[in-house]
Each structure stands twice: as C-alpha cells, then as structure tokens.
Amino acid sequence: AVIDINPDLDLLGVVLFGVNRSAHRVSQAARESIRQDLGDEAPILSASIRHAEAAAQESRDRGLLAFELEEAVLSAPKWWELRRSNIQHDGPRSKSAVGVAEDFQALGQEIVARIMASEEGRPGLPAVKTGEGR
C-alpha cells in the first residue's frame, strides 16, 4: 500500500470521474464500493467530473485544458452567425466543455474548502500534514 511507502500521506478525498449525470444508480454503486473499500468514513467528495467524450476529445486534439476549451467555445461565433455570413469556422464546437469546466471549478472549490477546514482542525475531516517531505 502507498501508506507503507509514505506513512505521512493523508487522503483528502476521492473524486468520481467520467460520471454520466443521469446514471444515479451507477454513481451510488461506485460511492458504496468506495465506502466498502475505505470504510464508512471514506472522504468521498461531492463534486464529480461528468463524462463528456466530445469535450475530452476536443481538449486532447487542441491541447487545451477544460477551462481553456470553455473560453474558446464561448467566444466562437454562433451557428446562426456562421450561416448568415456563409463562412467556415474550424474552432471548438463542444458544448459540453462548459459543463466540464464547471465541474472542475466545483471540484477545485471543494478541495480548497477541505484543505482549509482540515488546517483549522474542524472535526470530520482528515488532518492535512504540512512540512518537509511532502
């Protein structure tokens, strides 16, 4: 186990990735499986990252992070503008990029909140150790 290699590690939380928003039973089953593996107090984060194949593919193809793809999609001309002007546009098209970027933002906010709560010693959260060797 990782703890055998580095006993100073703490688990801040577990994140579900590739979650289909409508697959509630699958998501619940995954959370239950994590609880079975890690115990009832498993720190499962409420934020999750949705499955969005088009956004993932476009991010890889263009070499963009989720929020960069979101910005490119939002700043691109709308379909009716392209049709009206009769021009070709080779910019990003993935509408799901916005949702994925929002998921990552929510995850980041939850992680920061957990770190702050842990450093303040609030009960129910694992203590995050800081210092040398981390």
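Just so you know, all these numbers are worked out from the coordinates, no wet-lab data involved. The model shown is predicted, which means the values in this text are computed figures rather than measured ones.
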(Q) Working only with C-alpha atoms, what are the Rg and Dmax values of the stretch 1-68, expressed in angstrom? (A) 15.4, 41
Q) Across the stretch 50-58, in residue order, what do the Karplus-derived ³J(HN,Hα) couplings come to in whole Hz, using 6.51 cos²θ - 1.76 cosθ + 1.60 with θ = phi - 60° and x for Gly and Pro? A) 5, 7, 9, 4, 4, 5, 5, 4, 5
